[in-house]
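Below is one structure, written out as structure tokens, with a few remarks after it.
The values are calculated or read from the model by the stated rules, or taken from the named source; none is laboratory data. The structure displayed is predicted, hence computed values, not measured ones. Heads up, the Cβs are rebuilt from the backbone with ideal geometry, glycines too, and the neighbour counts pull from every protein chain shown. With ligands, DNA and RNA removed, areas are computed over all heavy atoms of the protein, side chains included. Shrake-Rupley method; radii C 1.70, N 1.55, O 1.52, S 1.80 Å.
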Amino acid sequence: MSPSISGTGGAKRDRLRIAIQKSGRLAEPARALLSACGLSWRESRDKLFCYGESLPIDLLLVRDDDIPGLIADGVCDFGVVGRNELNEQAAARARIGLPPAFRELRALGFGGCRLMLAIPESWEWQGPAQLQGLRIATSYPAILGEWLQAQGIQASVVELSGSVEIAPKLGTADLICDLVSSGATLLANQLKPVETLLDSVAVLAGPVRDFDDERAALAEMLLRRVDGVLKLKDSKLLMFRAHRDTVAELARLLPDADPLVQLPGEGEGPLSLQTMCHGAVTWQRLEELERAGAQGLMVLSVERSLA
Ligand code: PRT
Ligand code: ZN
């Protein structure tokens, strides 16, 4: 039986459906995150719908542009999408008077980029007022429109779905508003970034209203697991022994760690201590801790936690 992927309106459901990008920058990290949350799927031949095996949570593989709309229509319950795309579609809905139909639930820590204004290298940037009357090419007309309005600037927005960077060279726009990560694309097109409109990252998006059926418990479990994975992403468990009189100094050297926990031990010797460190644990840091009195330092990767 092939599963239905139509919208189900107000019907009660007992499975969750998450939309992720089929291919592209967010596809692999989204899958990796959901796998780390304990989800697994049976891959279907059409590679559009993946039936959840470990849990009643299915995947829909789509274009990122479609994800906010799929949530709005109730076809999907959650989606992994760039904040840029989510905010653009939210702003576009607001512009035509539609109520909010999706919201950002968690920032996921990958797919980071910035939506920026970029001008020809030869221009001198004097601030937003300089944009009055100019033509700006972008794939984000709603976010740009809101920003221009907030600045009190009247400029024409030239909407392009791709290759925005070449618009100034082609003469179809004076400057652009586009996503930037390394900045190499701007450089290659003799453009320079001057103003950030949005700091973006991949987010978990969901509906504005809570579920009132069996999806509620599933959603709560999923969010808890996502939080668990995100919290531990850069965390390491640090274990060592130390004499009581060095503990205060060692704690001072670990400002990005949880309070030191003393493990049960015997007699008068050094204490056995452990802590979860949320910053980078480099060799240099370990050597510094050793000089301050830590003995037998061990750094352990942490896979999951319900803390
Ligand atoms: O097929 P589908 O529609 O699903 O994919 P897509 O081509 O629309 O999206 P994709 O895979 O390119 O990007 C998906 C999401 O990744 C975006 O919505 C952003 O949230 C995020 N992301 C992160 C980026 C970038 N970094 C990025 N650098 N998306 C696009 N770019 C482009 C940018 O538009 C520009 O053309 O990369 C170029 C600039 O890169 P730098 O490194 O030269 O600055
Ligand atoms: Zn897209």
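Largest accessible area first, the listed residues Arg25, Arg304 line up as Arg25, Arg304 when surface is computed with a 1.4 Å probe on the assembled protein chains. Rounded to the nearest Hz, the phi-derived 3J(HN,Hα) couplings of region 86-91 under the Karplus curve 6.51 cos²θ - 1.76 cosθ + 1.60 (θ = phi - 60°) are 4, 5, 4, 6, 5, 5, where x marks glycine and proline.
Each residue, Val208 and Ala184, gets one label point 7 Å from its Cα in the Cβ direction; the gap between the two is 4.1 nm.
Excluding ligands, DNA and RNA, the accessible surface per residue across the chain is 54 Å² with a 1.4 Å probe.
Under a model in which nothing but the beta-carbon of Lys, Arg (+1) and Asp, Glu (-1) is charged, the chain shows a dipole of about 460 debye around its Cα centre. Across all C-alpha atoms in the chain, the radius of gyration and Dmax reach 24.7, 80 Å. Of all the Cα-Cα pairs you can form in region 236-301, what percent are over 13 Å apart? Within region 236-301, distances greater than 13 Å cover 58 percent of Cα pairs.
Residues whose amide H falls under 5 Å from that of Met116, counting only those 5 or more places apart or on a different chain, are Asp178, Leu179, Val180, Leu197, with hydrogens built in the peptide plane. Here the gap between Arg25 and Trp283, fully extended at 0.36 nm per residue and compared with their Cα-Cα distance, gives a gain of 89.7 nm. Applied to region 105-121, the Karplus parametrisation 6.51 cos²θ - 1.76 cosθ + 1.60 on θ = phi - 60° returns per-residue 3J(HN,Hα) values of 9, 8, 8, 9, x, 10, x, x, 6, 10, 8, 10, 7, 9, 10, x, 3 Hz, with x for Gly and Pro. For the chain, carbon and sulfur atoms together expose 51% of the accessible surface, with a 1.4 angstrom probe and every protein chain in place. Among the GluC sites (Glu not before Pro) found in region 240-307, those both in a DSSP coil and sparsely packed, with 16 or fewer other Cβ atoms within 10 Å of their Cβ, are Glu266, Glu268, Glu303.
For Trp123, the shell of other residues with beta-carbons less than 12 Å away shows a net charge of -2, using +1 for Lys and Arg and -1 for Asp and Glu. Of the residues Val194, Gln126, Leu48, the one whose Cα sits farthest toward the positive end of the charge dipole of the chain, with +1 on the Cβ of Lys and Arg and -1 on the Cβ of Asp and Glu, is Leu48. Note on Asp46 and Ala11: with the Förster distance fixed at 30 Å, the Cβ-Cβ geometry gives a FRET efficiency of about 0.80.
Amide H contacts under 5 Å for Trp41: Glu53, restricted to partners 5 or more places along the chain or on a different chain, H placed in the peptide plane at 1.01 Å from N. The relative contact order of the chain comes to 18 percent, based on Cα pairs under 8 Å that sit 6 or more residues apart. Annotation: Cα Rg of region 1-102 relative to the compact-globule expectation 2.2 N^0.38 Å equals 1.09. Which one, Gln149, Ser163, Ala184, projects farthest toward the positive side of the charge dipole computed for the chain from Cβ point charges (K/R +1, D/E -1)? In the chain, that residue is Ser163. Tell me which lysines have Cα within less than 22 Å of Lys192's Cα, excluding those fewer than 8 residues away on the same chain? Within the straight-line cut-off, Lys192 pairs with Lys169. Apply the a/c threshold of 1.5 to the C-alpha gyration tensor of region 113-199 and tell me whether it is rounded, prolate or oblate. Rounded shape, in that the Cα axes give a/c under 1.5. 3J(HN,Hα) along region 127-144: x, x, 4, 5, 7, 3, x, 8, 10, 10, 8, 6, 9, 10, x, 6, 5, 4 Hz, from the Karplus curve 6.51 cos²θ - 1.76 cosθ + 1.60 with θ = phi - 60°, whole Hz, x for Gly and Pro. Beta bridges from DSSP with both residues in the chain: antiparallel share about 75 percent, rounded to the nearest 5.
The local environment of Arg224, defined by Cβ-Cβ distances under 13 Å, has a net charge of +2 under the rule Lys, Arg +1 and Asp, Glu -1. Cross-link reach is defined here as a Cα-Cα straight distance under 16 Å, omitting same-chain residues fewer than 8 places apart; for Lys47 the lysines meeting it are Lys22.
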